[in-house]
Amino acid sequence: MGELVPRLKVLAQEMGWGTFEQFNLQFAHFARVAAEQTGERRLASVLVSRRSYTRWMTVGLKGTPTTRPGIVLSYMFRMSVERLFELVDPEALGGPFHAIAPSAAAASPPVLDLDDPLAVLDRARRLTTSNVDASLLGMARTAILSIVERYEALGPQQLAGEAKLLRTMLHTLLDGQQPPARRAELFRLTSQVSGLLGYMAVNAARPDAASAYSEEALLLAEAIGDVELQMWARGTQSLGLYYQGQYREADEAAAAGVALAPHHPQAIRLLANGRARAMARMDRRAETERAIGQALALTEAQPVPGGLTACISFEPYSRARTVANVVTAYLSLGDAPQVLRFAEEIDPLIEESDSGWSRALVGLDVATALLRQQNPEVEHAMHLGRTALRSGTAPPITSVLQRGVELYREANRWRTEPAVGDYAEELRAWRARPAALPLAAGRPPDES
């Protein structure tokens with residue numbers, strides 16, 4: 001029997017690390033490896049002194065290295081520290097070192113610092129739990145649809161509070177935990193509610209709020225990659241800018257939405273309500289007519305709803321809704337014949353519609369066109385204007401006010417005629433309604 005030595009010494013010599021310098025170089029390398037693989041950064045700075053090296057290689061060593069040096073040694077030799085410091089007879093090991101080399105299958109692996117299996121499963125279960133169930137999402141969808149369906153009858157003044165409460169609830173839910181698919185649906189619903197509030201703010205002449213809500217709707221839609229909802233939010237941004245008189249910016253917002261998916265049905269609204277109307281206000285006739293043509297062509301090429309879709313709906317525009325916007329664009333271009341031609345196309349749907357706003361807006365556009373045609377029809381125009389302002393019981397919104405004032409200004413040339421005076425009184429009465437007072441910027445029309 002030969003002299004007994006620590007197994008560590010035999011292995012180091014077999015590996016060619018028989019001197020302190022060779023051993024120390026390898027120890028430093030494996031210290032960095034251990035630090036990287038365990039995540040314990042302090043291991044990278046562990047050093048071995050010459051004195052420790054000598055003790056490790058000495059027969060009769062009492063005790064083993066402290067924790068961190070021991071971890072590095074186990075990475076160097078793929079063997080537990082206890083086994084490395086067993087005393088062995090080099091001659092009795094039998095055979096070349098490769099039988100017990102670090103790459104050998106029989107080598108003992110280092111001790112792995114793994115998580116508690118129960119803790120792993122508990123964490124996974126908590127990650128896949130949700131503070132939102134399917135019924136709550138269904139309730140939110142139903143509430144959004146209900147707001148859309150009642151909007152033109154009740155208006156922003158009555159429905160904004162309801163939408164705000166729904167938005168607050170959804171934001172509270174988003175502060176909790178949901179798996180990815182459910183969280184994405186929460187983002188989508190919150191984006192829709194913010195979009196509705198943005199649209200309401202436009203109608204209520206609250207441009208700052210409209211801008212903020214529309215931007216939130218857009219950001220949330222972008223976060224989940226919902227292109228259709230992004231296009232809708234861009235359209236509402238464009239609408240708000242249009243009613244602030246920022247026509248160039250309104251066109252740019254609509255164009256950005258069209259660029260997301262030029263052949264998507266949502267592009268119809270962006271082209272007709274956004275680009276065409278804004279460019280017409282800037283007297284860019286060729287571009288206006290191009291946008292109108294694109295909107296009408298897309299209406300024929302895509303499946304769109306029938307009838308007259310609600311102005312605030314997330315659905316694509318129906319042809320009637322598109323044509324109503326075409327009427328407004330041609331009016332801004334001063335093309336009375338085109339206004340009257342397109343208005344005649346949708347007149348039956350407008351009359352049958354429950355939308356008092358649509359009847360008012362189209363009626364005011366037609367009345368203004370009658371004054372701008374080659375042979376003005378003043379009395380007929382003023383009659384249509386009065387009828388438009390009385391349309392249904394729809395609450396006042398800024399677009400009706402704007403067009404009502406524009407009609408009066410157009411009629412100012414005939415202000416001495418009784419019909420114009422009657423219209424002016426009707427407009428004054430309309431603006432005096434409590435709900436209309438916040439909309440009425442500037443003085444009432446002056447007959448003198």
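The figures follow:
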{"quantity": "Any chance A291 is touching a Leu at 6+ places or on another chain (Cβ under 6 Å) and either part of a helix (DSSP H, G or I) or buried (at least 21 other Cβ atoms within 10 Å of the Cβ) (or both)", "calculated": "yes"}
{"quantity": "Answer residue from segment 189-226, given it is without any contact (Cβ under 8 Å) to a residue 40 or more places away in the chain and open to solvent by less than 20 Å² (accessible area, probe 1.4 Å) and is farthest from V132 (Cα to Cα) among those", "calculated": "A210"}
{"quantity": "Failed item in (1) open to solvent by 60 Å² or more (accessible area, probe 1.4 Å); (2) modelled with pLDDT of 85 or more, with V59 passing the rest", "calculated": "(2)"}
{"quantity": "Residue within segment 301-308 that is more than 27 Å from L197 (Cα to Cα), without any contact (Cβ under 8 Å) to a residue 60 or more places away in the chain and touching a helix residue (DSSP H, G or I) at 6+ places or on another chain (Cβ under 9 Å) present", "calculated": "yes"}
{"quantity": "Flag if T142 is open to solvent by 60 Å² or more (accessible area, probe 1.4 Å), polar (S, T, N, Q), within 25 Å of T309 (Cβ to Cβ) and without any contact (Cβ under 8 Å) to a residue 40 or more places away in the chain", "calculated": "yes"}
{"quantity": "Yes/no for E228 being in contact with a His (Cβ under 8 Å, 6 or more places away or on another chain), within 16 Å of R188 (Cβ to Cβ) and modelled with pLDDT of 95 or more", "calculated": "yes"}
{"quantity": "Hey, A267 touching a residue at least 24 places away in the same chain (Cβ under 8 Å) and among the aliphatic types (A, V, I, L, M) or not", "calculated": "yes"}
{"quantity": "Cβ pairs under 9 Å, 6+ apart, first in segment 398-419 and closer than 23 Å to L437 by Cβ, second surrounded by fewer than 23 Cβ atoms within 10 Å (Cβ to Cβ) and among the acidic types (D, E)", "calculated": "G404/E426"}
{"quantity": "Condition broken by G245, with the remaining ones in (1) buried (at least 24 other Cβ atoms within 10 Å of the Cβ); (2) on the phi > 0 side of the Ramachandran plot; (3) of a type outside the set (F, W, Y) satisfied", "calculated": "(1)"}
{"quantity": "Count - residues of segment 251-286 that are part of a helix (DSSP H, G or I) and closer than 18 Å to R321 by Cβ", "calculated": "17"}
{"quantity": "Segment 67-87, residues that are closer than 19 Å to G39 by Cβ and either aromatic (F, W, Y) or modelled with pLDDT under 85 (or both)", "calculated": "T67, Y75"}
{"quantity": "Segment 230-239: number of residues that are more than 15 Å from N325 (Cα to Cα) and open to solvent by less than 10 Å² (accessible area, probe 1.4 Å)", "calculated": "3"}
{"quantity": "Exclusive hit being part of a helix (DSSP H, G or I) and either farther than 30 Å from D115 by Cβ or open to solvent by less than 30 Å² (accessible area, probe 1.4 Å) (or both), set R32, R42, R51", "calculated": "R51"}
{"quantity": "Of all residues in segment 1-29 being farther than 17 Å from F85 by Cβ and aliphatic (A, V, I, L, M), the one that is surrounded by the fewest Cβ atoms within 10 Å (Cβ to Cβ)", "calculated": "M1"}
{"quantity": "Subset tally (residues that are among the basic types (K, R) and open to solvent by less than 50 Å² (accessible area, probe 1.4 Å)) for segment 337-392", "calculated": "1"}
{"quantity": "Filter result for Y317 (touching a residue at least 24 places away in the same chain (Cβ under 8 Å) and closer than 26 Å to A381 by Cα)", "calculated": "no"}
{"quantity": "Residues of segment 263-288 that turn out to be within 21 Å of A217 (Cβ to Cβ) and of a type outside the set (G, A, S), as a count", "calculated": "10"}
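The values are calculated or read from the model by the stated rules, or taken from the named source; none is laboratory data. What you see is a predicted model; the values in this text were computed from it and never measured. Quick reminder, even Gly has a Cβ in these numbers, built from the backbone with ideal geometry, and neighbours come from all protein chains shown. Remember, those area values only see protein heavy atoms, side chains included, never the ligands or the DNA or RNA. Shrake-Rupley method; radii C 1.70, N 1.55, O 1.52, S 1.80 Å.
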